[in-house]
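Chemist: Following this message is one structure expressed as C-alpha cells.
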Amino acid sequence: MTTDLLARHRAVLPSWMPLYYDEPIELVSGSGRRVTDARGRTYLDFFGGVLTTMLGYDIPEVREAVERQLRTGVVHSSTLYLIRQQVELAEKIARLSGIPDARVFFTNSGTEANEAALLVATNHRRSHQILAVRNSYHGRSYAAMGVTGNRGWSASPLNPLQVAWLHSGERLRGLLARLGPDEQVDAAVEDLREVLATQTAGDVAALIAEPIQGVGGFVHPPDGLFAAWKKVLDETGILFIADEVQTGWGRTGEHFWGYQAHDVTPDLLTFAKGIGNGFALAGVVGRAEVLESVPAISFSTFGGNPVSTAAGNAVLDYLLDHDLQANAARTGAIIADGLRAAVGDLDCVAEVRGKGLMLAVEFVHPGSTEPDPACAVRAFEACKAGGLLVGKGGLHGNVLRMGPPLTLTEDEAREGLAILVDAIRAAAVVPA
Ligand SMILES: Cc1ncc(COP(=O)(O)O)c(C=O)c1O
C-alpha cells in the first residue's frame, strides 16, 4: 500500500519536495504525541511535522473549536467582512507580542508572513536593502528566498532585495569559535559594522533574523547579541524583524518568544507553524506606524480565515491555560541533560544544543569539526527503527533536530531520550 503510494507520489509530485527515510511513511492517525503509519507501526513524534503540531494530535479543545466554526456554515468569508475569530486572535497576539501599539496581519504561511514583513519594512524605510543572516531560512517566495542564507534552500538567484549577510552567531566553527562569550558578541557587532560600511549604501531597511535557526540546524547566537546589534541598527533607524516561525509560543522554554533571550523588542515579528497546530495560520505583528506602511490595497484571501483563526484561538488558549512554556523548559531539560550525559562525549558528536523543546545534535568526523551527514542519517534511520520520529537539517545535513509537541510528558521525554541515545550510539559505529 505504502509502496504503491510512493510510486504514485513520485509520478506526480516534484522531486525537489523531498521525503524523509529510505522507506518513506504515511501517517494515518495520531493521538497526543503518537502517530501511526499505514503499516500499523506507532511512533513517538519528536518533530511534529516540523515543529508545527505544537499541541500534539487530536486535541479535543482544538477539534471542537474548528467543528463549532464549521457548524456555522461559514468556512470562508474573506477579509472584506468582519471575522470575530480573527479580531480576537489578533488582540491576543498583539498583547503577547511585547510590541507596543501592535497591529497584526494574518497570512497562510511563514513565507507569506516574512514577505509581508519585508514589504512593510522596505516601504517604511523607502529602501530595498536588507541585512540577513548566513545559514538562515525564511521561506520560498523570491523575497523570502532572497534573505535565506543556505544554498540547499535557495532555489533561485532572483532577488527583489539587495541583501548583505551577517555572521550567524555559530560558535562551533568560523568567526566566533574559540572566543569567550563577551568577545563573541563584540566580534559579531564588529562584523555588523563592517558589513554596513562595506556592503550597503547605508540606508538599510531592516535586519531579519531567526532567534534559533530552524532549517539551519538550531544554530543560535549568544544571548544578548540581538540587543547589541539593535544598538547599532538604532543609530540609523534600521528595523529589526524577528522570524519566530519556529521559536515562538514558549517553545524555547525560557521565554515566550525567542527574541526575549536578547533583551530587545523587535519592530516586526513573524509567526506561523505552531499557532494553527496544523491549520494554515501565520502572520506578522508590528508597530502600527511600520505595519501601516502599505500604500495600496493588500489582502490575503485565506489569511486568518474563520476556521484557521478558530483553531488559532483554541491553540493559544490551551497553550496559556496549561503553561506549556514551563512544560517545554521541564521536559526539554530532561532530553538535553540526558543527551549531554549519554552521548555528549562521543567523538562523532560535536555539540548538543538548543533551548526548551528545540534541541539538536550535530555530527562530525571524530577529531574534527568536519560535518558527517552519513552519521546523522544513520542516527535518523535508527530513531525511526526504534519508534521515534525526529528531524534532520543543518547547512551540511549533519544535524538531528528535535521539536516535539509542547504537551510532551516527562515519561515521553525519557522514552524518546532512551531511543535517541541508543540510535546515536549505534550511529557512532561506522559500518564496515
Ligand atoms: C524560520 C522559518 N521561517 C519561515 C519559514 C517558512 O514557513 P512556511 O513553510 O510556512 O512558508 C520556515 C519554514 O520552515 C521557517 O522555519
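The values are calculated or read from the model by the stated rules, or taken from the named source; none is laboratory data. Model, not experiment: these values are computed from the prediction. Because the Cβ atoms are built from the backbone with ideal geometry, glycine has one as well, and the counts that use them run over all protein chains shown. All accessible areas refer to the heavy atoms of the entire protein, side chains included, with ligands and DNA or RNA removed. Shrake-Rupley method; radii C 1.70, N 1.55, O 1.52, S 1.80 Å.
Chemist: Out of 274, 283, report the one residue that is in contact (Cβ under 8 Å) with a residue 40 or more places away in the chain, out of contact with any strand residue (DSSP E or B) (no Cβ under 9 Å at 6 or more places or on another chain), under 23 Å from residue 136 (Cα atoms) and buried (at least 24 other Cβ atoms within 10 Å of the Cβ).
Modeler: 274
Chemist: If only one of 237, 214 is of a type in the set (Gly, Ala, Ser) and within 12 Å of the ligand (Cβ to nearest atom), which one is it?
Modeler: 214
Chemist: Take the residues in the range 127-144 that are more than 10 Å from the ligand (Cβ to nearest atom) and within 15 Å of the chain's Cα centre (by Cα); name whichever of them is farthest from residue 236 (Cα to Cα).
Modeler: Restricting to residues being more than 10 Å from the ligand (Cβ to nearest atom) and within 15 Å of the chain's Cα centre (by Cα), the top hit is 135.
Chemist: A further question follows. Before we move on, is residue 17 surrounded by 13 or more Cβ atoms within 10 Å (Cβ to Cβ) and within 24 Å of the chain's Cα centre (by Cα)? Give the derivation first.
Modeler: Numbers: surrounded by 13 or more Cβ atoms within 10 Å (Cβ to Cβ): no; within 24 Å of the chain's Cα centre (by Cα): yes.
Judged against the criteria, residue 17 is not a match.
Chemist: Moving on. Can you tell me which residue within the range 163-210, out of those that are within 16 Å of the ligand (Cβ to nearest atom), among the small types (Gly, Ala, Ser) and open to solvent by less than 10 Å² (accessible area, probe 1.4 Å), is nearest to residue 123 (Cα to Cα)?
Modeler: 206
Chemist: Restricting to the range 31-47, count the residues that are surrounded by fewer than 19 Cβ atoms within 10 Å (Cβ to Cβ) and assigned to a strand (DSSP E or B).
Modeler: Residues in the range 31-47 being surrounded by fewer than 19 Cβ atoms within 10 Å (Cβ to Cβ) and assigned to a strand (DSSP E or B): 6 in total.
Chemist: Could you say whether any residue in the range 407-421 is surrounded by fewer than 24 Cβ atoms within 10 Å (Cβ to Cβ) and not in a helix (DSSP H, G or I)?
Modeler: Yes: one or more hits.
Chemist: Oh, and also: List pairs: first residue in the range 294-314 and touching a residue at least 60 places away in the same chain (Cβ under 8 Å), second residue among the acidic types (Asp, Glu) and open to solvent by less than 70 Å² (accessible area, probe 1.4 Å) anywhere in the structure, Cβ distance under 8 angstrom, at least six positions apart or on different chains.
Modeler: Filtered contacts from the range 294-314: 300/112; 303/112.
Chemist: Give me the pairs: first residue in the range 89-112 and more than 16 Å from the ligand (Cβ to nearest atom), second residue polar (S, T, N, Q), beta-carbon distance under 7 Å, and six or more apart or on different chains, which are they?
Modeler: 89/309; 89/313; 98/265; 99/265
Chemist: Looking at the range 48-76 only, could you name the residues that are in a helix (DSSP H, G or I), away from the ligand (no atom under 16 Å from the Cβ) and in contact (Cβ under 8 Å) with a residue 60 or more places away in the chain?
Modeler: Passing the criteria: 61, 62, 64, 65, 66, 68, 69, 70.
Chemist: Within the range 1-14, which residues are of a type outside the set (Lys, Arg) and surrounded by 12 or more Cβ atoms within 10 Å (Cβ to Cβ)? Write out each step before concluding.
Modeler: Quick first cut of the range 1-14, residues of a type outside the set (Lys, Arg) only: 1-7, 9, 11-14.
Within the range 1-14, 2, 5, 6, 9 meet the criteria.
Chemist: Looking only at the range 124-170, filter to residues that are of a type in the set (Lys, Arg) and under 14 Å from residue 395 (Cα atoms); which one of those is modelled with the highest pLDDT?
Modeler: Result: 134.
Chemist: Show the residue pairs meeting these rules: Cβ distance below 6 Å; 6+ apart or different chains; first residue within the range 230-245 and touching a residue at least 12 places away in the same chain (Cβ under 8 Å); second residue more than 16 Å from the ligand (Cβ to nearest atom) and not in a helix (DSSP H, G or I).
Modeler: The qualifying pairs are 230/264; 238/204; 239/267; 240/267.
Chemist: Out of the residues in the range 366-377 meeting the condition of being open to solvent by 40 Å² or more (accessible area, probe 1.4 Å) and part of a helix (DSSP H, G or I), tell me which one is farthest from residue 431 (Cα to Cα).
Modeler: Only one residue tops the list, namely 373.
Chemist: Condition first: under 16 Å from the mean Cα position of the chain (by Cα), under 25 Å from residue 205 (Cβ atoms) and away from the ligand (no atom under 11 Å from the Cβ). Now tell me which residues in the range 247-267 satisfy that.
Modeler: Within the range 247-267, 257, 259, 260, 261 qualify.
Chemist: I would also like to ask the following. Looking at (1) closer than 23 Å to residue 250 by Cα; (2) within 16 Å of the ligand (Cβ to nearest atom); (3) touching a Ser or Thr at 6+ places or on another chain (Cβ under 6 Å); (4) open to solvent by 30 Å² or more (accessible area, probe 1.4 Å), which is the only condition residue 115 fails?
Modeler: So the condition that residue 115 fails would be (1).
Chemist: Could you please find all residues in the range 319-358 being closer than 21 Å to residue 177 by Cβ and outside any helix (DSSP H, G or I)?
Modeler: Narrowing the range 319-358 to residues closer than 21 Å to residue 177 by Cβ: 340, 344-355.
Passing the criteria: 344, 345, 346, 347, 348, 349, 350, 351, 352, 353, 354, 355.
Chemist: Test of understanding: among 321, 317, which residue is away from the ligand (no atom under 16 Å from the Cβ), acidic (Asp, Glu), without any contact (Cβ under 8 Å) to a residue 24 or more places away in the chain and out of contact with any strand residue (DSSP E or B) (no Cβ under 8 Å at 6 or more places or on another chain)?
Modeler: On the way: 317 fails: without any contact (Cβ under 8 Å) to a residue 24 or more places away in the chain.
Being away from the ligand (no atom under 16 Å from the Cβ), acidic (Asp, Glu), without any contact (Cβ under 8 Å) to a residue 24 or more places away in the chain and out of contact with any strand residue (DSSP E or B) (no Cβ under 8 Å at 6 or more places or on another chain) holds for just one of 321, 317, which is 321.
Chemist: Would you mind finding the one in 363, 380 that is open to solvent by less than 30 Å² (accessible area, probe 1.4 Å), in a strand (DSSP E or B) and modelled with pLDDT of 95 or more?
Modeler: 363
Chemist: Still on this model: Just one of the numbered conditions (1) open to solvent by 10 Å² or more (accessible area, probe 1.4 Å); (2) hydroxyl-bearing (Ser, Thr, Tyr); (3) within 15 Å of residue 211 (Cβ to Cβ) is not true of residue 293; which one?
Modeler: Checking residue 293 against (1) open to solvent by 10 Å² or more (accessible area, probe 1.4 Å); (2) hydroxyl-bearing (Ser, Thr, Tyr); (3) within 15 Å of residue 211 (Cβ to Cβ), the one that fails is (3).
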